[in-house]
Amino acid sequence: MSAPRLEIDLDKVHHNAQTLVKRLAARGISVTGVTKSSLGCPAIATALLRAGVRALGDSRIENIEAMRDAQVAAPMTLIRSPMLSQAERVVVHTDISFNTELDVIRELSSAAQKAKRMHGVVLMVELGDLREGIMPGELESTVRQMIHLPNILLKGIGTNLACRCGVSPDTNNMAELSALADSIETSFGSILSIVSGGNSANLEWALSGADTGRINDLRLGESLLLGCEPLHRQPIDGLHTDAITLVAEVIESKLKPSQPRGEPGQNAFGETPSITNRGHITQTILAIGYQDIDPSGLQAPVGIRFLGASSDHLVVESDHCLPIGSEISFQLNYSALVRAMTSPFIAKVMKGQGHHGHMSDSYGKL
């Protein structure tokens, strides 16, 4: 089998998604399954839909177009503010987009008129993490200016936390979002069907028993695929943390000095590594590198210790020399997963039934 590769167990992805969908449904919250880290993989998207997610969300219009081309039947949401240059594609291929700028919404309105389509908008509100979002005091003015735009429907409001500055979702900021939803409906009528509280970082709050208020949607990706929560990277009880595994092939394994020889300078990535002399060690090289993955996001099996990496090589210490052509499997964090999924040099191989009724095969190289 081709290496390097991601082995993706669709049954485990389905289980993770179904488990969280059920837990959140008990709290009055539905799930938008986020496909951006899987590059819009149709097999993963279908597993999420069969598990009960209400819609699919992605930050790249290209991924949504790929899912549409693969006949994935689901409401599609663009969860990053559209680029002006992609407005026509957005209204044709998505049902809803997240927005913060009136200039963009006006362009979507124009494109939607030409396409003879209605386009839904969720307005994102800034609640502390300082990524995208309309300042709370400007939300009502923004709604007032957009609600009469032709072919545009205000579907809801939302926020995003924990992604840039690590601000945690909590009772205070979620209550603020609920209050903003109430305020908008007081001024403009009952027009908000979606109040999207955030991403996988919201799970601790959402499942804590706290009052969820108006929040009725979460956008989940990392928790569904990796089985952990993003705030502390802890496993979620009852979920699989090994649904996706990276497999790399050994191309060299030799006894070598642990200490470099010669005048030290910066390496290829501008770093000056600090290395302790431990005598001779068994150094093993795998055919994968920074161009494909985030090495710091890999969890090695017992007996394998990370030493360093270059563009094309992952250097590890092993307990003994490994056979050339043998393989090592790693677990990934979100950063490593996103990089690996994006690499055209890493095959994506589907395993398990995935609740499709037939065995899934290789997704191939992107």
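Filter region 175-209 down to the residues that are at pLDDT below 95 and of a type in the set (V, I, T) and list them by number.
Within region 175-209, I191 is the sole residue that qualifies.
Checking the condition closer than 22 Å to C228 by Cβ and over 14 Å from the mean Cα position of the chain (by Cα), which residue from T19, T32, T46 passes? If you could, list the steps in order and put the result at the bottom.
Numbers: T32 fails: over 14 Å from the mean Cα position of the chain (by Cα); T46 fails: closer than 22 Å to C228 by Cβ.
Answer to the selection: T19.
May I ask you to say which residue of Q283, Q291 is assigned to a strand (DSSP E or B) and at pLDDT 95 or above?
On the way: Q291 fails: assigned to a strand (DSSP E or B).
Just one listed residue meets the conditions, Q283.
I'd like the residue in region 289-324 that is out of contact with any Phe, Trp or Tyr (no Cβ under 8 Å at 6 or more places or on another chain) and closer than 14 Å to R5 by Cα and, out of all such residues, is surrounded by the most Cβ atoms within 10 Å (Cβ to Cβ).
Among those residues, the one meeting the criterion is I293.
Give the residues of region 293-346 that are out of contact with any Lys or Arg (no Cβ under 9 Å at 6 or more places or on another chain), among the hydroxyl-bearing types (S, T, Y) and more than 22 Å from E271 (Cα to Cα), sorted by residue number.
S326, S329, T342
Hey, can you tell me all the residues within region 81-100 that are free of Cβ contacts under 8 Å to residues at least 40 places away in the same chain, touching a strand residue (DSSP E or B) at 6+ places or on another chain (Cβ under 7 Å) and under 20 Å from C163 (Cβ atoms)?
P82, S97, N99, T100 - these are the residues of region 81-100 that are free of Cβ contacts under 8 Å to residues at least 40 places away in the same chain, touching a strand residue (DSSP E or B) at 6+ places or on another chain (Cβ under 7 Å) and under 20 Å from C163 (Cβ atoms).
Search region 302-323 for residues that are in the same structural domain as Q259 (by TED's automatic domain parsing) and pair each with any residue that is surrounded by 15 or more Cβ atoms within 10 Å (Cβ to Cβ) and of a type in the set (D, E, K, R) when their beta-carbon atoms are under 6 Å apart and the residues are at least 6 apart or on different chains.
R305/E317; L307/E317
Report, by residue number, each residue of region 39-89 that is of a type in the set (S, T, Y), surrounded by fewer than 20 Cβ atoms within 10 Å (Cβ to Cβ) and more than 22 Å from Q113 (Cα to Cα). Can you show your working first?
Step one: list which residues in region 39-89 are of a type in the set (S, T, Y), which gives 46, 59, 77, 81, 85.
Those still in the list that are surrounded by fewer than 20 Cβ atoms within 10 Å (Cβ to Cβ) too: 59, 81, 85.
Listed by number, the list holds a single entry, S59.
Return the residues of region 22-38 that are out of contact with any Ser or Thr (no Cβ under 8 Å at 6 or more places or on another chain), surrounded by 19 or more Cβ atoms within 10 Å (Cβ to Cβ) and not in a strand (DSSP E or B); say none if nothing qualifies.
Of everything in region 22-38, those that are out of contact with any Ser or Thr (no Cβ under 8 Å at 6 or more places or on another chain), surrounded by 19 or more Cβ atoms within 10 Å (Cβ to Cβ) and not in a strand (DSSP E or B) turn out to be T35, S37, S38.
Among the residues in region 140-163, are any within 20 Å of A206 (Cβ to Cβ), of a type outside the set (D, E, K, R) and surrounded by fewer than 19 Cβ atoms within 10 Å (Cβ to Cβ)?
Yes, region 140-163 contains at least one residue that is within 20 Å of A206 (Cβ to Cβ), of a type outside the set (D, E, K, R) and surrounded by fewer than 19 Cβ atoms within 10 Å (Cβ to Cβ).
The values are calculated or read from the model by the stated rules, or taken from the named source; none is laboratory data. These numbers come from a predicted model, not from an experiment. Here the Cβ is made from the backbone with ideal geometry for all residues, glycine too, and neighbour counts use every protein chain on show.
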